[in-house]
Amino acid sequence: MPRIIVDDVHKDFKLRHTHSIKETFVAALKRKPLTTDFHALSGVGFEIGEGESVALLGFNGSGKSTMLKLISGVLTPDEGKVLTRGRVAGLIEVGAGFHPDLSGRENIYLNAAILGMTKKETDERFDEIVEFSEISQFIDTEVKHYSSGMFLRLAFSVAIHTEVDILLIDEILSVGDEPFQKKCLARIRELHSQGKTLVVVSHDLDMVSSLCERGILLRGGAIAFDGPSKEAVALMRA
Ligand SMILES: Nc1ncnc2c1ncn2[C@@H]1O[C@H](COP(=O)(O)OP(=O)(O)OP(=O)(O)O)[C@@H](O)[C@H]1O
Ligand SMILES: [Mg+2]
């Protein structure tokens, strides 16, 4: 049974052509279009099975983050369907899901709740979460004072200590320092060996080709290749 179904998905964004009220007014009088539709994704379809690890590859602007946001439910498609089965944890933007005025401790509870954990479950895992993140010293500091690496540490730590079925990771590992990246990768491999489904976006092609079996290559918002990750990476480098 598939964990993720993406069926003929289209996602457009509006590109603005005016940058002042006056210009907007003049353009409207002349009946010039104020915006044009930009096709970020057009007709994308694939299925990801239980326990698969998939790399989403492509150059800047090819639609990878948009695709992950659709899978996580942050965005909805204009056309087509995105279905997921099970709990989804998305590590998509550094600091997303964190409330700047709350402390690290409070944000752990907030994020865990978003991922579907009860207060009791979070209490039980709290120490482990903090220990993995290695930022216990700052756990009662408001997160607006955190560095991007500290955000990552906390967000990653919460996500991997929750019962998730699908883990989506967008580039965010790159803000961690090398020791923490290694630790995260080891943990991601462990989750994969336990049968979790992974979708990973990264420009570190060596990393993704060793972590993921399958690669989906996006080019201009459409699928250019879907197959073994090594072949997808070779196409990226071609
Ligand atoms: N909210 C938005 N409004 C307008 N355009 C957007 C929006 N989000 C994304 N886009 C556009 O959609 C295209 C795809 O963006 P996306 O972030 O998915 O690319 P990406 O493959 O993740 O690129 P990168 O490797 O740089 O992270 C880009 O051209 C981007 O400008
Ligand atoms: Mg991106």
* To do: Could you list, in sequence order, all residues of segment 53-85 that are touching a strand residue (DSSP E or B) at 6+ places or on another chain (Cβ under 6 Å) and part of a loop (DSSP other than H, G, I, E, B)?
  => Gly58, Ser62, Gly63, Pro77, Asp78, Arg85
* Structure fact -> Exactly one of Phe126, Phe132, Phe138 is without any contact (Cβ under 8 Å) to a residue 60 or more places away in the chain and within 24 Å of Val200 (Cα to Cα), and that one is Phe132
* Asked: Being within 16 Å of ligand 2 (Cβ to nearest atom) and either without any contact (Cβ under 8 Å) to a residue 60 or more places away in the chain or not in a helix (DSSP H, G or I) (or both), is that true of even one residue in segment 6-25?
  -> yes
* Asked: Of the conditions (1) more than 20 Å from the chain's Cα centre (by Cα); (2) of a type outside the set (S, T, N, Q); (3) more than 13 Å from ligand 1 (Cβ to nearest atom), Arg85 fails just one. Which one is it?
  -> (1)
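Report whether or not Thr76 is farther than 22 Å from Ser174 by Cα, of a type in the set (S, T, N, Q) and within 16 Å of ligand 1 (Cβ to nearest atom).
yes
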* Sort out which residues of segment 68-81 are more than 9 Å from ligand 2 (Cβ to nearest atom) and surrounded by 17 or more Cβ atoms within 10 Å (Cβ to Cβ), and write them in order of number. => Lys69, Leu70, Ile71, Ser72, Leu75, Pro77, Gly80
* Asked: When you scan segment 106-193 for helices (runs of 4 or more DSSP H) that lie fully inside it, which ones turn up with 3 or more residues that are among the small types (Gly, Ala, Ser) and buried (at least 20 other Cβ atoms within 10 Å of the Cβ)?
  -> 148-160
* Asked: Out of all the residues in segment 36-53, is one or more within 16 Å of ligand 1 (Cβ to nearest atom) and more than 20 Å from Leu217 (Cα to Cα)?
  -> yes
* **Selection from segment 27-65 of residues that are within 16 Å of ligand 2 (Cβ to nearest atom) and over 20 Å from Asp204 (Cβ atoms)** => Phe38, Ala40, Leu41, Val44
* Could you please let me know if Leu57 is of a type outside the set (Gly, Ala, Ser), modelled with pLDDT of 95 or more and within 15 Å of ligand 1 (Cβ to nearest atom)? => yes
* Just give me the residues in segment 88-105 being touching a strand residue (DSSP E or B) at 6+ places or on another chain (Cβ under 9 Å) and either within 16 Å of ligand 1 (Cβ to nearest atom) or of a type in the set (D, E, K, R) (or both), in sequence order. => Gly90, Leu91, Ile92, Glu93, Ala96, Asp101
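So that you can scan it fast, the table gives a plain yes or no per residue for (1) over 18 Å from the mean Cα position of the chain (by Cα); (2) of a type in the set (A, V, I, L, M, F, W, C):
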{"residue": "Phe151", "(1), (2)": "no, yes"}
{"residue": "Ser157", "(1), (2)": "no, no"}
{"residue": "Leu168", "(1), (2)": "no, yes"}
{"residue": "Ser174", "(1), (2)": "no, no"}
{"residue": "Cys184", "(1), (2)": "no, yes"}
{"residue": "Thr197", "(1), (2)": "no, no"}
{"residue": "Asp206", "(1), (2)": "yes, no"}
{"residue": "Arg214", "(1), (2)": "no, no"}
{"residue": "Gly221", "(1), (2)": "no, no"}
* Hey, can you tell me all the residues within segment 1-24 that are loosely packed, with under 11 Cβ neighbours inside 10 Å and more than 24 Å from Thr66 (Cβ to Cβ)? => Met1, Ser20, Ile21, Lys22
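The values are calculated or read from the model by the stated rules, or taken from the named source; none is laboratory data. Just so it is clear, the structure is predicted and the values come from calculations on it, not from any experiment. Reconstructed Cβ throughout: ideal geometry from the backbone, glycine too, with neighbour counts over all protein chains shown.
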